[in-house]
Amino acid sequence: RILAVCPGAGVTGPEAAEGLPRHPKWGPLISLQRSWAANDAVRQKAAAGGTLTALGAYLLESGKVEAVVHVRASTTDP
């Protein structure tokens, strides 16, 4: 029943280039990387090791962007 209503269940990725493995949802896999925030407080409190939070903070602090739109699932209707 979950798969019937999940919008991501039917997503397919692009065809793989010759010699590259192809994931059925993400398409060709060129590389897979792990990352986390260098700041301990961000790493421990933010989701997924704080990578996106740290990148957003860097972009704001450096003046490369004026704003970052940060969203989350609804607490009443996720």
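The values are calculated or read from the model by the stated rules, or taken from the named source; none is laboratory data. For clarity, every value in this text was computed on a predicted model and none was experimentally measured. A quick note on method: Cβ atoms are made from the backbone with ideal geometry, for glycine too, and the neighbour counts reach across all protein chains shown. Surface areas here come from the heavy atoms of the whole protein model, side chains and all, with no ligands, DNA or RNA. Shrake-Rupley method; radii C 1.70, N 1.55, O 1.52, S 1.80 Å.
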Discussion item. Give me the percent of accessible area attributable to carbon and sulfur for the chain, probe 1.4 angstrom.
Written reply: 59
Worksheet item: Averaged per residue, what accessible area in Å² does the chain show with a 1.4 Å probe, protein chains only?
Response: 91
Fill in: Förster radius 30 Å - calculated FRET efficiency between Val69 and Gln44 (Cβ-Cβ, nearest 0.05)
0.80
Worksheet item: Considering every Cα-Cα pair within the chain, what fraction, in whole percent, is farther apart than 15 Å?
Response: 74
Item to complete: May I ask you to order 26-32, 1-7 by the average number of other C-beta atoms within 10 Å around their residues, highest value first?
Response: 26-32, 1-7
Discussion item. I need the peptides 44-51, 60-67 ranked by packing, meaning the mean over residues of other C-beta atoms within 10 angstrom, with the highest value on top.
Written reply: 44-51, 60-67
